[in-house]
Amino acid sequence: MVFREDGLPLQGMTGGNERPEFDFPKSWYDDGEEHVFYIEMGCNGMFGAARPSYQLHRCEVQVINWEARALYYDFWMIGDAARELNGATKYKAKEVANRIMDVFDETDEGSIAKCRAIAREYLGDNVDSDKVFKEEPGMSKYNAVYAVGNCHIDTAWLWDFDTSKTKVARSWSTQLRLIEKYPEYVFAASAGQHFKWLLDYYPDLYKRVKTAVMQGRFIVLGGSWVEHDTNLPCGESLIRQFLLGQRYFQNLFGFKSDIFWLPDSFGYSTQIPQICRLCDMPNFLTQKLSWNNINSFPENSFNWVGIDTSQVLVHMPPANTYTAAANFGDVKRSISGHHNLHNDQKGMLLYGMGDGGGGPTPEMVEKLRRIRGLADNARGEMPTVEVGCTVDDFYKKLREDTDNGAKLPTWRGELYLEYHRGTYTTQAKVKNFMRTVEILIRDLENLATKASVFNKKNYKYPHNEIEALWQDICLCQFHDVLPGSCIEKVYKEDVWPMLTKVIEKELIH
C-alpha cells in the first residue's frame, strides 16, 4: 500500500501485474513542492503466502505514453469484437484491426495518432472521456447492461481478520483514486464491519470515503453486519445481522440500505425474504447459484417468496461472476447469459477484482468506455453498457419495466446451492461455539431486561456491552467462517479465541 508522508493511505498495489502502478496525484505536479511517500510491502500474494519466497524485481518512475496505452485499449476491444461478434460488425472490426496493424510502426511515434484515428471509425470520437456515455441514442431499452464497480472482500478466508482490515484500506483508497480520475465511475461496498474497521484503524481515510458517499460516488449497501451465512445462524442472529448493519449505516451516513447484498454465500434460507422486508430491504442480489453443478438455476431476474409469502425482487448477474474483468465477453454475456430475457432485457455486470479485495482498475473503466463507444457507433448485437449507474438505479429500472416485478417469474422456498457441500459439518467446533454463544446471549438479554425493569436503582441494562458481543458473534457468522471454509489460522487465532471471550463475558454479565 502507498502512504502519504502523514500516514494517509493513498492506494493499494498488487504484484503479478494485477495493479502494479501508482499514478502520482495531479496536485504533486502542480504545486512544485517535494513530496515523500512510502510503499508498504508484504511477502504474500492476493490469496495468501502461497510461495516459499517473494522478490521485488523492479521499482521505477516512468513517464507513460498515454496515447500509446489508449491505442492498446482501442485495439484490444476491436480485436475482441472481431472474434466475438457476428455479421457485418464482426467483419468491419476485422478490417479496422488489419488497417491499424498495417499503419502501426514501432519506430515512429507519430503512427500512434494515425492508428487511433482509424480506431475511432469503429469506436467513435468520445472513448477518451465520460462523454461516450452521453452519446445519442443513449441506453438501449432492450439490450442494456448496467456495470457496477465493486470489490468483494472476504472478511476472512485464506487470510485472517487483521489482514482483511488492511484489505479494506488498500481497496477503498484505490477506489477513491478511480473516482477522482473517472467522472462517470461509481463504486459499491457492503458490510458494516468493514466500515467499522475503517473508522477504527484508518479514520482519515474514512473521512474521505464518507465525502465520496455523500457525493453519491461511493455506494454503501448490503444492510447486514457482514456478508453472512444464512443456513447455520439461528433466526435471532439473522435478525441481528440486519439490525446491526442497518443501524450502523443509519448512524454513519443517515440512510439505510434497500438491498440485501450477498453475492457469495453457500445457499439461502427461505426465511430471508421475510426478514428483508421487515428490515426495509425489498431487493436482493446474489450470484452464487450460477455455480450449481447439477441443475442450472432457471432465472436471473425473479421474485423470491419466503415462508410467510413475503417476497423480494432478485437479480443474479448473468455474467455469472461478481469479479468480472470488464472484458468484451463479460458485457456480452450479461445479456446472452440471461435465462429469462423473455421477461426483461437488462442485466447487471459486477466488475472489479474481488474475494481478496482490490476492486476495479483503470484498465476496466477504459475497456467499458470503448465497449459503449462501439455499441453506439458500430451498432449491431453488442449491448449498450452504462457505468455511472447505481444498484438502486438498476432495481428501479427493473421494477419500472416489469410492473413492479409482476411480469417476472416467482421462486418459492429455499435457494439451494448445488455445489459447496459439507457446510453443516466442516469445522464442527466453530458451529458448537456459535450455538453456545447464541443460547447464552439469549439468556443474558432476557435476564438483563428483567433486572433493568425490577431493579432500576441498582442495575442499568448493559446495551453497549451486549451490542459489542453481538458484533463479534455476527462477525464469526461470515460466509466462509461459520461454514468452515477458512484456513486453520482463522479458527485457531481469531474465531475460537473471540468466541471464547464472548462466552466469558456472557457468563460474567
Quiz prompt | Close pairs from region 142-155: first of a type in the set (Asp, Glu), partner in a loop (DSSP other than H, G, I, E, B), Cβ under 6 Å, at least 6 apart | solution = Asp154/Asp480
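Quick one: would you say Ser265 is part of a loop (DSSP other than H, G, I, E, B), modelled with pLDDT under 95 and more than 19 Å from the chain's Cα centre (by Cα)? Full working, then the answer.
On the way: part of a loop (DSSP other than H, G, I, E, B): yes; modelled with pLDDT under 95: yes; more than 19 Å from the chain's Cα centre (by Cα): no.
In short, no.
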Exercise. Quickly run through region 1-52 and pick out the residues that are of a type in the set (A, V, I, L, M) and in contact (Cβ under 8 Å) with a residue 24 or more places away in the chain.
Key: Met1, Val2, Leu8, Leu10, Met13, Val36, Ile39, Met46
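Against the condition free of Cβ contacts under 8 Å to residues at least 24 places away in the same chain and under 30 Å from Tyr182 (Cβ atoms), how does Thr211 come out, does it pass?
Details: free of Cβ contacts under 8 Å to residues at least 24 places away in the same chain: yes; under 30 Å from Tyr182 (Cβ atoms): yes.
Against the criterion (free of Cβ contacts under 8 Å to residues at least 24 places away in the same chain and under 30 Å from Tyr182 (Cβ atoms)), Thr211 qualifies.
Going by the structure shown, is Arg442 outside any loop (DSSP other than H, G, I, E, B), among the charged types (D, E, K, R), at pLDDT 95 or above and in the same structural domain as Gly235 (by TED's automatic domain parsing)?
So Arg442 does not fit the description; no.
The values are calculated or read from the model by the stated rules, or taken from the named source; none is laboratory data. Small disclaimer: the values here were computed from a predicted structure and weren't measured. For neighbour counting, all protein chains shown are included, and Cβ atoms are generated from backbone atoms with ideal geometry for every residue, glycine included.
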